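Below you'll find the structure, written out as structure tokens, and then a few comments.
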Amino acid sequence: MERAQRLARELGARFVRRGTMTLAQLMRREKDDRILVVSETEVKLKPLDGPAAVFHPGMAHIRLQRLLAGEKDPLVAATGARPGDVIVDCTMGLASDAIILSWAAGETGRVTALESEPAVYVLTREGLATYESDLPELNAAMRRIRPEQADHLDWLAGQPDRSADIVYFDPMFRSGIGGSSIDRVREFVNPLPIRPEAVREACRVARRAVVMKERRDSGEWERLGFGRIRASNSGIAYGVIEP
């Protein structure tokens, strides 16, 4: 109850006791098309129609297991992330990529993950702080992430020159390939494309690399000025600008 009241105050939302009503009955009574449900074990974001979105590390769990077994990860290879790096993930979503980057940066590094949509930010922030997996390295990587609710262009514009090693964008999260947990939260996120001025700010802030994930045949590479493209086997690619 205290957690729900705290989140309601933070979001400027109404705090309502569910009682014995179904979520659909509650939403109809309150005349809302989305609701943040807080229980003893989790926070979930429920639209009027369709399944609820809950925090889950998703493919980050499998990817980290592969990394621990000595295999390579396309994101780590494209970014060149290494222990001690300062990394900015400009499109946090459910933080699957931020978790991998946090593991790569290690205890001496720092990953700041930005999310512009308040409800998605709260959902992921609470999940990163409380979700427990069977993989200690995954739990540690989640806890080290510093989530912030911000528009990434505004946030980058306020940072000093060369204050991060890597700045990362994943506009695919808005309308791309993903699993069930990503699909469920996608309707809640900011659908706007990456702006060229955001890439320019990222190039000013980054010391080593600005990296974007997109479809291999996307027109965004040319529009945003990404010249060096690293393709993967899954139909996606990583564009890299080295400031």
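The values are calculated or read from the model by the stated rules, or taken from the named source; none is laboratory data. Owing to the predicted nature of the structure, the values given are computational and were not obtained by experimental measurement. Every residue, glycine among them, receives a Cβ derived from its backbone with ideal geometry; neighbour counts consider all protein chains shown. Keep in mind that these areas ignore ligands, DNA and RNA; they rest on the heavy atoms of the full protein, side chains included. Shrake-Rupley method; radii C 1.70, N 1.55, O 1.52, S 1.80 Å.
Is it true that some residue in region 136-148 is under 11 Å from the mean Cα position of the chain (by Cα), at pLDDT 95 or above and within 21 Å of Ala13 (Cβ to Cβ)?
Yes, region 136-148 contains a residue that is under 11 Å from the mean Cα position of the chain (by Cα), at pLDDT 95 or above and within 21 Å of Ala13 (Cβ to Cβ).
When you scan region 132-170, how many residues do you find that are within 15 Å of Phe55 (Cβ to Cβ), open to solvent by 60 Å² or more (accessible area, probe 1.4 Å) and either part of a loop (DSSP other than H, G, I, E, B) or of a type in the set (A, V, I, L, M, F, W, C) (or both)?
Qualifying residue count for the region: 1.
When you check Arg29 against the structure, is it over 18 Å from Val185 (Cβ atoms), touching a residue at least 12 places away in the same chain (Cβ under 8 Å) and not small (Gly, Ala, Ser), yes or no? Full working, then the answer.
Values: over 18 Å from Val185 (Cβ atoms): yes; touching a residue at least 12 places away in the same chain (Cβ under 8 Å): no; not small (Gly, Ala, Ser): yes.
So Arg29 fails the test.
Tally the residues that are more than 21 Å from Glu71 (Cα to Cα), among the charged types (D, E, K, R) and either touching a strand residue (DSSP E or B) at 6+ places or on another chain (Cβ under 7 Å) or surrounded by 23 or more Cβ atoms within 10 Å (Cβ to Cβ) (or both), restricting the search to region 86-128.
Result for region 86-128: 5.
Given (1) surrounded by 15 or more Cβ atoms within 10 Å (Cβ to Cβ); (2) touching a Phe, Trp or Tyr at 6+ places or on another chain (Cβ under 9 Å), where does Ala77 come up short, assuming only one miss?
(1)
When the residues of region 91-129 are filtered to those that are among the hydroxyl-bearing types (Ser, Thr, Tyr) and touching a residue at least 60 places away in the same chain (Cβ under 8 Å), which remaining residue is nearest to Glu42 (Cα to Cα)? Talk me through it step by step, then tell me what you get.
Applying the first criterion (among the hydroxyl-bearing types (Ser, Thr, Tyr)) to region 91-129 yields 91, 96, 102, 108, 112, 116, 121, 124.
Adding the requirement that they be touching a residue at least 60 places away in the same chain (Cβ under 8 Å) leaves 91, 96, 116, 124.
Details: Thr91: 22, Ser96: 18, Ser116: 21, Thr124: 11 Å.
Per the stated criteria, the residue is Thr124.
Return the residues of region 212-238 that are touching a Leu at 6+ places or on another chain (Cβ under 8 Å) and open to solvent by less than 20 Å² (accessible area, probe 1.4 Å); say none if nothing qualifies.
Met212, Tyr238, listed by residue number.
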